[in-house]
Amino acid sequence: MRIARFAHGDEVGYGIVEDVQPDGAAGPSPGSEADGLVVAELAGHPFGIGESLRLTGARFPLVDVRLLAPVLPSKVVAIGRNYAEHAAELGNEVPPEPIIFLKPSTAVVGPRDPIVYPVGLSERVDFEGELAVVIGRLCREVPPARVPEVIFGYTCANDVTARDLQARDGQWARAKGFDTFCPLGPWIETDLDPADLELTTMVNGEIRQNSRTSLLLHDVAALVSFVSAVMTLLPGDVLLTGTPAGVGPLKDGDEVSVTIEGIGTLSNGVITRD
């Protein structure tokens, strides 16, 4: 099931993204992310509701709504150097345990929202395509075997990074924390096995990253368990699982797209501040 957060006119809500077949039945979409898709509006929000998801009866063609960031997290917890080849390309050792850092909730934007290049503050801003985990239940100290119970679903993420500031500061808060530096979307896929998914990042139509989640040094269950031993995770919190090799710079006018098998594509343009 694909859960989207969307704007229609002046209203913002959540909905289930469905493919309407010629006979009117809902089913999985075999084609593009817009053609033939509708958003079936949900009453309220989906977090903490579990099996009691209720539809309002309203349905909107996907082309007639604006997809927003699929969740507004209290925090974004990210993992550094979780693919061996990415650690190597930046000249870093593979860490013995996950490296945790935080991105502020104010960095989150949605599909098609611009990534704003902080001119005058950074001279190199990189893309980092990642699988993102969306937490569905308040949880703490979750054993790896029980991690699936606390996951709501998965979405695409771009851990945008001011690489020069990351090197200069010695810690990552500023480099990772600019407004617009955490695109998420296009929706949350709730029925997905994250063990071996293809992840591809393209810039202006050219492939820059292509890998699989099976190459994660620490898998989703290990990450959620590790992070939840440190901090309480709340419904809607987002965990970024790390980026594969191939990261590189963005410039004004670029379009960057992160595609993950079984989820979809998150695309964002790059602009400079006025």
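Across the options Thr265, Ala107, Thr213, the greatest Cα extent toward the positive end of the charge dipole of the stretch 76-272 (unit charges at beta carbon of Lys, Arg, Asp, Glu) belongs to Ala107. Checking every one of the GluC sites (Glu not before Pro) in the stretch 82-111 against DSSP loop status and a limit of 14 other Cβ atoms within 10 Å picks out Glu93. Taking the chain as a Gaussian network of alpha-carbon nodes connected by springs under 10 Å, the highest mean-square fluctuation of the residues Val77, Val224, Val94 belongs to Val94. Summing +1 for each Lys or Arg and -1 for each Asp or Glu among the other residues whose beta-carbon sits under 10 angstrom from that of Tyr154 gives -3.
Relative to one another, the C-alpha centroids of the stretch 239-274 and the stretch 110-128 are positioned 10 Å apart. Close amide-amide hydrogen proximity is noted between Thr243 and Arg81, Asn82, Tyr83, each under 5 Å apart and 5 or more residues distant or on a separate chain (H modeled in the peptide plane; Pro and chain starts excluded). Loop-resident GluC sites (Glu not before Pro) (DSSP state other than H, G, I, E or B) in the stretch 197-274 with no more than 16 further Cβ atoms inside 10 Å of their Cβ: Glu261. Label positions at Ile100 and Thr265, each projected 7 Å from the Cα along the C-beta direction, are separated by 3.6 nm. Taking the Cα atoms of the chain, the ratio Rg/Rh between the radius of gyration and the Kirkwood radius comes to 0.96. Have a look at Ser257, Ser105, Ser74 and tell me which one the Gaussian network model of the chain (Cα, springs below 10 Å) gives the largest fluctuation. Among Ser257, Ser105, Ser74, the largest mean-square fluctuation in the Gaussian network model of the chain belongs to Ser74.
Every number here is computed from the coordinates shown, using simple stated rules; none is lab data. Keep in mind it's a predicted model, so treat the numbers as computed, not measured. Cβ coordinates were reconstructed from backbone atoms using ideal geometry, including for glycine residues, and neighbour counts include every protein chain displayed.
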